[in-house]
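Reading through the structure tokens given below for one structure.
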2 protein chains.
Amino acid sequence: MTRDDCIALDRDDRLAPLRDAFALPEGILYLDGSSLGALPRRTAARLAHVTAQEWGQGLIRSWNDAGWIGLAGRIGDRIAGLVGANAGEVSVGDSTSVNLFKALSAALALQKADAPARDVILSERGNFPTDLYIAETLAASNGLKLRLAHADDLVDQLTNDVAVLMLTHVNYRTGRMHDLAERTRTAHAAGALVVWDLAHSAGAVPVDLCGADADFAVGCGYKYLNGGPGAPAFVWAHPRHTGRMDREQLRQPLSGWLGHAAPFDFAPSYRPAVGITRFVCGTPSVLALAALECGMEVFAAAEPHGGMAALRAKSLALSELFIDRVEARCQDHGLALVTPRQAGQRGSQVSFAHAGGYAVMQALIERGVIGDFRGGDLSHPTGRADPALAADLLRFGFTPLYTRFVDAWDAAEHLRAVLESGEWRSERFARRAAVT
Amino acid sequence: MTRDDCIALDRDDRLAPLRDAFALPEGILYLDGSSLGALPRRTAARLAHVTAQEWGQGLIRSWNDAGWIGLAGRIGDRIAGLVGANAGEVSVGDSTSVNLFKALSAALALQKADAPARDVILSERGNFPTDLYIAETLAASNGLKLRLAHADDLVDQLTNDVAVLMLTHVNYRTGRMHDLAERTRTAHAAGALVVWDLAHSAGAVPVDLCGADADFAVGCGYKYLNGGPGAPAFVWAHPRHTGRMDREQLRQPLSGWLGHAAPFDFAPSYRPAVGITRFVCGTPSVLALAALECGMEVFAAAEPHGGMAALRAKSLALSELFIDRVEARCQDHGLALVTPRQAGQRGSQVSFAHAGGYAVMQALIERGVIGDFRGGDLSHPTGRADPALAADLLRFGFTPLYTRFVDAWDAAEHLRAVLESGEWRSERFARRAAVT
């Protein structure tokens, strides 16, 4: 394998034209789409139109005339297509945290009706903190316990007191991916419902929520969906649950007016809308939704090029190339791969542990290679030693929509240069104490 | 009073230059800033910069380099200045409904600790429905009762079982304004806390939350603050409450990661930030915040022209002119003023009841006079007859930042023409049944 081979791979890549759909800065290797996706070229013009024409000229009339009222639903249908759900099943708006609050609340309400003795929310110790914080609060307010386990111990911990298993499909630090179908099956067999967080998988790996018979899911708009900083998030519920909630008034607690069955009747009592619409709360930002819709249009453009299956194949090829190159070129510099080598177990990102991870990432960024640093944390051990939790990590996201093979190659070379030269040891990259 | 007198008033109006800060469509009299404020001229350029430069070129680095991380706080400080709060006391992000959920939850938690026997949330029957829906759900989940009273009966209903009085400062239908200080005083004397919804008052009328010693408040970004469709909302809590919550862990339930004391530590347990920051949940939309900041900058530009006091004086003069003209010109056409004539009791909008309100508003809109229709509703009587609740209403918002005296004059003339000609009786303005 040579750099020219990478250039040849890019030349032959049928997804390569999609890179032109993004406005990427010159001289930057952007490997942080796992944190904030790049800007689709169409977005600026769309926002200019929504602002000057739809808002400025159309004013209040644009809720109908420009279709603002249906915008979130249209985006939801596009997202549904990426995660194995059906049109009309996905609600878009609010943040991932707020949507998780809705989904987990609904799952707990269902279990309270069906299995009131179950008093545990089970999750993974390495889950993204906001998920754990939301679960912690809902556990406390419902008189439940939050049980955190190592990923490898989840099956053992799925005891008959577990009401809900709440997992993030792809771990934000390690890139390790759960088998969504298998975990769902195991949880159902144990009598638990499952709430999935697809923050690091929607748009990055194939997801089949209906095929897996999953219960609830939430996801993020600003990472692999390229919806812009703080883009609206989404929530999905299986129709068997929303259908039951229709009859039995099992509600999610954020009962805002746009989740009402007839919001413009301005009736004094809440009557939830049918289906997923009851998960809508207040008025969503039209500007933010318009940007997210542009991000989703890139996925529609990917369909003729092989769609999600082709994107997944390229993502795995990119991350494998990067792992191979880093391991070949950066030996003896204290790097340890924490992302699974086995393709089926990893998402679209690669993380290496390094004791000087913070400084190494700063040195890379100075060279124009933008990834992420994620610090290690031992403050809540679960009894099982886990270097992946303890270690400081370098994280690299490989967004197959715009990342080239030559980018993966070059990023590995930069990493080697940073480590070989020792430039990361410079005082200017030293980690400062957080301002409190 | 003649139309020429209105032109003279506009010529002499020291706030008149502020109209140039807005991009208003030609030939439209926009009297719906009470529903969606107009587009500030600066907003389009700002959004273009945030999109192309900060997101497109800066990418993830812009959270620090472009100050995204502090954006919500900077806007919160500007809003604080409009509502009589202090810098650092207002959190911006999420919808009004979600913020009300946070504020009401926090108020109930405080009362549960201090006065657990109080089991009533008291509100106004004519409150905006989303407020009632959120209160309904929180009442049910906390084992409380939601008591709805007519505005005139609120004092009588403030019995010793009321935990929280939840009111909207200016009523969305009638434009009637509560005396915020007096209501707060009465509630405190009765042992209740007060949660204020400033959706129709922030930016429209002077508000002095600290002067009134209020407890909690929320408000809307897309009406009088001109932040764009679905703009982020805000929440305020008196420091005596956030200070107590610091010590006693009285939490609001949306415990997302950006409300954590140290979000980038990624610690597994929630530790709420000091002060109002604990009311932040997930990541806010930077695009939506940037647009809202442009809306707030217009208020800063109003300061040298007399600021909120001058805006209030102009708003009252505009609405009084409109009321006078409509009553003088539209007699015998079945209009009935439902907005208080007394200046101290009305916000920045004027509503007239009319049996054909829907069609009359459609006819006005066809003429380029954009107001709002709000249908009547008798489905939840509180025992006191209230024509303002039952009637179909024409609502006209008088945003003093960009509405001219001649606009108020002309709007009244259009209303006369619609009623005199009977054009509103045309089949094309007939109210269609809502699609279910």
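DSSP beta bridges fully contained in the protein assembly as shown are about 50 percent antiparallel. The mean sequence separation of alpha-carbon pairs under 8 Å and at least six residues apart, normalised by the residue count of chain A, gives a relative contact order of 22 percent.
Got a sec? How would B:424, B:257 order by Cβ neighbour count within 10 Å, fewest to most? It would help to have the intermediate numbers written out before the result.
On the way: B:424 22, B:257 25.
So the residues, fewest neighbours to most, are B:424, B:257.
Between residue A:305 and residue B:309, the distance separating the two model label sites (each 7 Å from Cα on the Cα→Cβ line) works out to 6.2 nm.
Among beta bridges from DSSP that stay inside chain A, the antiparallel ones total about 50%.
Residue order for B:35, B:91, A:255, fewest other beta carbons within 10 angstrom first, comes to B:35, A:255, B:91.
Sorted largest first, the principal axis extents computed over the alpha-carbon atoms of chain A equal 68, 58, 45 Å. For residue B:143, the point set 7 Å out from Cα toward Cβ sits 0.8 nm from its twins in the other copies, listed from shortest up.
Relative contact order, percent, of the stretch A:50-294 when contacts are C-alpha pairs under 8 Å separated by at least 6 residues? Don't skip to the end; give the middle numbers.
Values: 472 pairs, mean separation 55.5, N = 245.
In percent, rounded to a whole number, it is 23.
Return the tail of the calculated pair distribution for the stretch A:83-145, meaning the percent of Cα-Cα pairs more than 19 Å apart. I get 39 percent for the Cα pairs in the stretch A:83-145 exceeding 19 Å. Principal semi-axes of the equivalent ellipsoid, √(5λ) from the alpha carbon gyration tensor of the stretch A:2-152, are 38, 28, 15 Å from largest down.
Just rank A:264, B:266, A:101, fewest to most, by other beta-carbon atoms within 10 angstrom. Could you put the intermediate results ahead of the total?
Values: A:264 14, B:266 20, A:101 31.
Fewest to most other Cβ atoms nearby, the residues stand as A:264, B:266, A:101.
Assuming R0 = 30 Å, what is the FRET efficiency of residue B:61 and residue A:48, from their Cβ-Cβ distance, to the nearest 0.05? FRET efficiency, residue B:61 to residue A:48: 0.80.
This model, with +1 at the C-beta of Lys and Arg and -1 at the C-beta of Asp and Glu, gives the protein assembly as shown a dipole about its Cα centre of some 400 debye. FRET efficiency for the pair residue B:269 and residue B:244, taken as 1/(1 + (r/R0)^6) with r the Cβ-Cβ distance and R0 = 25 Å, rounds to 0.75.
For the protein assembly as shown, the average shadow cast by the Cα convex hull is 35.3 nm², which is a quarter of the hull's surface. Taking every residue in A:303-310 and counting other chain Cβ atoms within 10 Å of its Cβ, the average works out to 0.
Counting only other chains, and only Cβ atoms inside 10 Å, what mean value do you get across the residues of A:45-54? Kindly include the intermediate steps, with their values, before the conclusion.
Numbers: counts 2, 1, 8, 5, 1, 4, 12, 6, 2, 2.
The shielding value for this peptide is 4.
The distance from the alpha carbon centre of the stretch B:65-80 to that of the stretch A:174-192 is 40 Å, rounded to a whole number. Each 5 Å bin, from zero up to the one with the longest distance, holds this percent of the alpha carbon pairs of the stretch A:174-213: 6, 21, 34, 23, 12, 5. For the residue pairs B:102/B:145; A:145/B:145; A:145/A:223, the C-alpha atoms sit more than 26 angstrom apart in A:145/B:145; A:145/A:223. Expressed to the nearest 5 percent, the antiparallel share of DSSP beta bridges inside the stretch A:71-201 is 5 percent.
On alpha-carbon atoms, Rg over Rh for the stretch A:50-294 using Kirkwood Rh?
On the way: Rg = 17.8 Å, Rh = 18.3 Å.
The Rg/Rh ratio comes out at 0.98.
Phi angles of the stretch B:48-56 translate, via the Karplus equation with coefficients 6.51, -1.76, 1.60 and θ = phi - 60°, into HN-Hα couplings of 4, 5, 4, 6, 5, 8, 5, 7, x Hz per residue; Gly and Pro are given as x.
No value in this document is a laboratory result; all are computed from the given coordinates. All figures in this text were calculated on a predicted structure; none of them were measured in a lab. Here Cβ is always computed from backbone atoms with ideal geometry, including for glycine, and neighbour counts include all displayed protein chains.
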